[in-house]
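What follows is a set of notes on a single structure, which appears directly below.
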């Protein structure tokens, strides 16, 4: 059985709450990821801003699979997923999440998909 | 630090290729999941049917977080994610994926999100 790609499951802690509630800050993060990994969006992203103290959700359908984010301003937490069904270098998630969201800690799990 | 939900990472092997290429079969699977877990879609789902031998991608933005699927008809594989930021019982993924996609093997990983 051949693997069908890799999914990065990323937890960003200690983020600036105002950034987590700001859809445009999150759009900039998505665009940075798209540009630096040369990803191919197939449809416009979907964004949902929940009433305060809720956060923001973003989903992006890619030729490579998907990019998603869910933010929790109250706890300073953001949950990011990037699934690439084709080989792709790892993105510097920690550096980028520190820069864009002011995260103080970033944990990354890399899961193989499609392996029994 | 409080957990911010659970993500189920589900691999379905040995699926019927015709079902994996059939957007409507996958929509029925999503609807079953929505109905049985009482999920709240916030926007219409996005579906992308890739040219054969490619598969289908589906993304659904939920009040609870997200539901996604990517299918690979050539290898009989489907990758499903369900992220629920609020407590939710586990769905019977194996039974449902056997029924809807004729999967012969289903592996489920349950990941806590938001825990350092």
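The values are calculated or read from the model by the stated rules, or taken from the named source; none is laboratory data. Keep in mind that this is a model prediction, so the values were computed, not measured. When we count neighbours, we look across all protein chains shown, and the Cβ atoms used for this are built from the backbone with ideal geometry, even at glycine.
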message: If I ask for residues that are touching a residue at least 60 places away in the same chain (Cβ under 8 Å) and part of a strand (DSSP E or B), which ones from region A:50-76 would you list?
response: A:65
field: Conditions (1) loosely packed, with under 15 Cβ neighbours inside 10 Å; (2) more than 13 Å from chain B (Cβ to nearest Cβ); (3) within 21 Å of residue B:70 (Cβ to Cβ); (4) more than 14 Å from the chain's Cα centre (by Cα): number failed by residue A:88
entry: (1)
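Here's the yes/no breakdown for (1) over 24 Å from residue A:5 (Cα atoms); (2) at pLDDT 95 or above:
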| position | (1), (2) |
| --- | --- |
| B:42 | yes, yes |
| B:54 | no, no |
| B:67 | no, yes |
| B:80 | no, yes |
| B:83 | no, yes |
| B:108 | no, yes |
| B:115 | yes, no |
field: residue B:61 vs. criteria within 14 Å of the chain's Cα centre (by Cα) and over 18 Å from residue A:7 (Cα atoms)
entry: yes
- prompt: Which condition breaks for residue A:22 when tested against (1) within 14 Å of another protein chain (Cβ to nearest Cβ); (2) more than 28 Å from residue B:72 (Cβ to Cβ)?
  reply: (1)
query: Any chance region A:14-28 includes a residue that's buried (at least 19 other Cβ atoms within 10 Å of the Cβ), in contact with a helix residue (DSSP H, G or I) (Cβ under 8 Å, 6 or more places away or on another chain) and under 21 Å from residue B:55 (Cβ atoms)?
result: no
Residues being part of a helix (DSSP H, G or I), in contact with a strand residue (DSSP E or B) (Cβ under 8 Å, 6 or more places away or on another chain) and within 17 Å of residue B:23 (Cβ to Cβ) - total across region B:77-109: 2
